[in-house]
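**Q** Below: one structure in C-alpha cells.
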Amino acid sequence: QLYRQAVELLFEMQTRATHVIDSKCPAYHLKFDEKKLMWEFDFMLDHYVGGLCGSPLQSFVKKEMREVFSPLCALLAAQKLYFTHRDYHSRNLMVDADRLVLIDFQDARMGPCQYDLVSLLKDSYTQIDDSLLEELIDFYIRLKEKEEEQGVDREEFCRIFDGAALQRNLKAVGTFAYQSVKKNNHRYRKYITPAFGYVRQILNQKYRNSSLREVLFKYIPGLDGKEVVGL
C-alpha cells in the first residue's frame, strides 16, 4: 500500500512540476545529459574500481569502457525531459500518519520519467520482489496513460527503465565507494552488493550478448557476483 502511494506521489510531483517548471527553478537548468551521465560513470570507475578496489584503470581500458557505455547515456539523454527528484527512494520517504512526506530534494534536475521510478523500485537499501516491482511499473504506466490520454509503448518504456536502472545503480556504487574512501564513512559499503545485483540482472537479461556486458564484467571487480579480495 505504501509503495502504491509512493508511485502516486511520484507521478503527481512529476506531472505537476513538469507542467509549471520554468527558468526560475534551479532544476530547470540541470539535466541528465550525456555529459552528466558519463561523469557519473567515470565517478564510479575512479572511486570504486580505482579507489575502493585499488585497481586504477589504464587509459586505454577506461577509453574502451566509456565507448561501450556512451550509447546508453545517449539513449537516456535523448528521452523527453521531466522534473526528477533524483533520490526518490525509501530513505527519503517519511511516513507521517496516513501520508508520505518527501525529503532531500535539493538535487532535483530534469531527466527521463523512468528515473525516479527506478530510484524507488531498484533501491539498494530496500529490495522488493519482482512481482510487486512489475505491478508498480504497470500502475505507473496506467497513471501516465490516463493523464496523457494515450497509450504507452510498454516495451520501450521498460527498455528505458532498465537502462536507467543500470546507469543509476553503477552511479550508486561510485557514491558508496566515495563515502568509504574519501569520507571514511564505511556504512554504505554493504549496499554495493545489492546495487551490483540489479546491474548484473539487467546485463544478463537485457544485454546478454552485448559488448557492454562483456566489458563491464571484465573490468569492474565484483560485478560478476564473486567476492573481491580486500572488500
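Readers should treat all values here as calculations from the given coordinates under stated rules, not as data from a laboratory. This structure is a prediction, so every number in the text was calculated from the model and none was measured. Ideal geometry is used to build each Cβ from the backbone, glycine not excepted, and the neighbour counts take in all protein chains shown.
**Q** Quick one: if you stick a label point 7 Å off each Cα along the C-beta vector at LYS183 and THR18, how many nm between them?
**A** 3.0
**Q** Also, quick follow-up: Here is the link list: LYS122/LYS183; LYS31/LYS146; LYS35/LYS171; LYS80/LYS206; LYS24/LYS146; LYS62/LYS218. Which ones come out longer than 19 Å on Cα distance? Kindly include the intermediate steps, with their values, before the conclusion.
**A** Numbers: LYS122/LYS183 25 Å; LYS31/LYS146 26 Å; LYS35/LYS171 14 Å; LYS80/LYS206 22 Å; LYS24/LYS146 29 Å; LYS62/LYS218 12 Å.
Checking Cα-Cα distances, LYS122/LYS183; LYS31/LYS146; LYS80/LYS206; LYS24/LYS146 exceed 19 Å.
**Q** Counting only the backbone N, which residues of the range 211-231 are under 20 Å from the spot 7 Å out from the Cα of ALA78 toward its beta-carbon?
**A** Zone members listed by number: 211-213.
**Q** While we're looking at this one, here's another question. In whole angstrom, how far apart do the alpha carbon centroids of the range 1-69 and the range 154-230 sit?
**A** Answer, in whole Å: 13.
**Q** Take the chain, connect every pair of alpha-carbon atoms lying under 10 Å apart with a spring to form a Gaussian network, then pick out the residue of GLN150, GLN106, GLN127 with the largest mean-square fluctuation.
**A** The residue with the greatest mean-square fluctuation here is GLN150.
**Q** Same structure again: With each pseudo-label sitting 7 Å past Cα toward Cβ, what's the LEU57-CYS158 distance in nm, one decimal?
**A** In this crude spin-label approximation the distance works out to 2.9 nm.
**Q** Assuming R0 = 45 Å, what is the FRET efficiency of ASP42 and GLU149, from their Cβ-Cβ distance, to the nearest 0.05?
**A** On the way: r = 41 Å, r/R0 = 0.91.
Efficiency, rounded to the nearest 0.05: 0.65.
**Q** A further question follows. For the chain, what relative contact order do you get, as a whole percent, if you take Cα pairs closer than 8 Å and at least 6 residues apart? Don't skip to the answer; put the middle values down first.
**A** Details: 287 pairs, mean separation 58.3, N = 231.
Normalised by residue count, the contact order of the chain is 25 percent.
**Q** Also: What length, rounded to one decimal in nm, is gained on full extension from ASP96 through to LYS226, with 0.36 nm per residue of separation minus their alpha-carbon distance?
**A** Working: separation 130, 0.36 × 130 = 46.80 nm, distance 4.06 nm.
Going from the current span to full extension adds 42.7 nm.
**Q** Ratio to report: Rg/Rh of the chain, with Cα atoms as the point set and Rh obtained by the Kirkwood method; give two decimals.
**A** Taking Rh as the inverse mean 1/r over Cα pairs, Rg/Rh reads 0.96.
**Q** Calculated FRET efficiency, ARG4 and CYS25, Cβ-Cβ r, R0 22 Å, to nearest 0.05? Mind showing how you got there, number by number?
**A** Numbers: r = 28 Å, r/R0 = 1.28.
Calculated transfer efficiency: 0.20.
**Q** While we're looking at this one, here's another question. Enter the per residue convex hull volume of the range 96-231, computed from alpha-carbon coordinates, in Å³ rounded to the nearest integer.
**A** Values: hull volume 21.4 nm³, N = 136.
In the range 96-231, the Cα hull volume divided by residue count equals 157 Å³.
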